[in-house]
Amino acid sequence: MTQRLIDEVEGMAVNNETKVTQFILLGFSSNLNVQIMFFLLLLVIYLLTVAGNLLILITIYVDSQLHSPMYFFLSHLSFLDLGVSTVVVPKFLVNFISQSKTISYNDCIAQMFFIHFIGGTECFHLSLMAYDRYVAICYPLRYTMIMNKQACLLLVASTWVLGFIHALAQAFPATQLPFCGPNEINHFFCDSQPLSVLACSSTFINENSDIINSGILTLACFLVVSISYAYIISTVLKIRSAEGRQKAFSTCASHLLVVTLYFVPLVFMYMRPPVTLAGDKLITGFYTIITPVLNPFIYTLRNEKVKKAMKKLGGRTYMN
């Protein structure tokens, strides 16, 4: 009895001594020249992301002609893109110019939570934008009544609640894992899969819960988008004039492109067996770094109203 108690105490002491309190983010490369190149490129991309998305937010807020559900949802998407990029990129930039490249355990869990919180919310939000286009094209006479201000606020709030639940389900299991050995994360930010590889106990339950959680999220969003666009295409094809069909399709083209850029990497990363592949960093970099900088260009280049509003805003700024 006494010996067993001594062994347990010694075991606890060893665990306390070897418990990991910080991790090292390995990033893309240890080569100095490559790091300098990535730093400059990433800095430019982040500045463009901030400038582009802030410009859309300010333009929609200032111009009263853009105070409609479609542009309200677009401004919210810009806010989410800013959030995703800001959770990942600043720390990534710091690691390029820092020798330690460390992140504390608490910061690592927090980063993982907010990545999935904002990313999950954006996933639901893109589905919401598809539903908005469905109502606008399939029920144009009832659109303003269905998508009234109260309904829009409620729908957006629901995406945040669902995103929070997703993030909690993704991050909480990671807090239950013991980390007592290697502390090098083969990634440029903290995520559940590369983090669970370092755990010194079985991660079978965590890995499978991650797949189920992310799989349900991705599948639910994909179904909403698919069903919405099935009805949209069916309705548009019934329009007799070619000009009417083209106008209807053009309002959806930007959203379809954004959905494709966002969902394809997500499906590849989170709807597969828990294995680490060579291209994972590039793929996660695409939806956390590249997509947020592309979205403002995609929506502004194809939207005459937004372009005119931006020119008007530029004129006001110049006059002042």
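The values are calculated or read from the model by the stated rules, or taken from the named source; none is laboratory data. Being a predicted model, the structure only gives us computed values, none of them experimental. Every residue, glycine as well, gets a Cβ built from its backbone with ideal geometry; the counts of neighbours run over all protein chains shown. Note: areas computed on protein heavy atoms with side chains; ligands, DNA, RNA excluded. Shrake-Rupley method; radii C 1.70, N 1.55, O 1.52, S 1.80 Å.
For the range 173-193, the candidate set comprises residues that are open to solvent by less than 20 Å² (accessible area, probe 1.4 Å) and part of a helix (DSSP H, G or I); within that set, the residue that is nearest to Thr86 (Cα to Cα) is Ser192.
Quick check: is even one residue across the range 202-225 surrounded by 12 or more Cβ atoms within 10 Å (Cβ to Cβ), assigned to a loop (DSSP other than H, G, I, E, B) and touching a residue at least 12 places away in the same chain (Cβ under 8 Å)? For the range 202-225, residues surrounded by 12 or more Cβ atoms within 10 Å (Cβ to Cβ), assigned to a loop (DSSP other than H, G, I, E, B) and touching a residue at least 12 places away in the same chain (Cβ under 8 Å): present. Here Lys238 does not fit the description of being surrounded by 15 or more Cβ atoms within 10 Å (Cβ to Cβ) and basic (Lys, Arg).
Being at pLDDT below 80 and either in contact with a Phe, Trp or Tyr (Cβ under 9 Å, 6 or more places away or on another chain) or polar (S, T, N, Q) (or both) is a property that Ser250 has. A residue that is at pLDDT below 85 and assigned to a helix (DSSP H, G or I) can be found somewhere in the range 226-243. Within the range 285-307, the set of residues being hydrophobic (A, V, I, L, M, F, W, C) and touching a residue at least 12 places away in the same chain (Cβ under 8 Å) comprises Phe286, Ile289, Ile290, Val293, Leu294, Phe297, Ile298, Val306.
Selection of the range 19-36 for residues being in a helix (DSSP H, G or I) and either within 15 Å of Gln99 (Cβ to Cβ) or modelled with pLDDT of 90 or more (or both) yields Leu32, Gln35, Ile36. Considering only the range 282-299, I want to know if a residue exists there that is within 29 Å of Ile216 (Cα to Cα), modelled with pLDDT under 80 and buried (at least 16 other Cβ atoms within 10 Å of the Cβ). No. The residues listed here are Val44, Val34, Val20, Val62; of these, the one that is open to solvent by less than 90 Å² (accessible area, probe 1.4 Å) and touching a Gly at 6+ places or on another chain (Cβ under 8 Å) is Val20.
Residue-by-condition table, conditions (1) touching a strand residue (DSSP E or B) at 6+ places or on another chain (Cβ under 8 Å); (2) modelled with pLDDT of 90 or more; (3) not hydrophobic (A, V, I, L, M, F, W, C):
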| site | (1), (2), (3) |
| --- | --- |
| Ala171 | no, yes, no |
| His187 | yes, no, yes |
| Cys190 | yes, yes, no |
| Leu198 | yes, no, no |
| Thr203 | no, no, yes |
| Asn206 | no, no, yes |
| Ser209 | no, no, yes |
| Ile212 | no, no, no |
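For Arg133, the conditions (1) open to solvent by 20 Å² or more (accessible area, probe 1.4 Å); (2) under 13 Å from Phe73 (Cα atoms); (3) modelled with pLDDT of 95 or more are fulfilled apart from (3). What are the pairs with Cβ atoms under 7 angstrom where one residue, in the range 98-122, is over 25 Å from Val267 (Cβ atoms) and the other, located anywhere, is open to solvent by 40 Å² or more (accessible area, probe 1.4 Å) and of a type in the set (Asp, Glu)? Sequence gap at least six, or different chains. Qualifying pairs under 7 Å: none. Would you say Phe92 is farther than 30 Å from Ser250 by Cα, open to solvent by less than 60 Å² (accessible area, probe 1.4 Å), at pLDDT 90 or above and not basic (Lys, Arg)? Yes: the conditions hold for Phe92. Checking His125, His116, His166 one by one, the residue that is modelled with pLDDT of 90 or more and within 30 Å of Ile233 (Cα to Cα) is His125 and no other. The set of residues in the range 137-172 that are in a helix (DSSP H, G or I), more than 20 Å from the chain's Cα centre (by Cα) and closer than 26 Å to Gly119 by Cβ comprises Ala151, Cys152, Leu153, Leu154.
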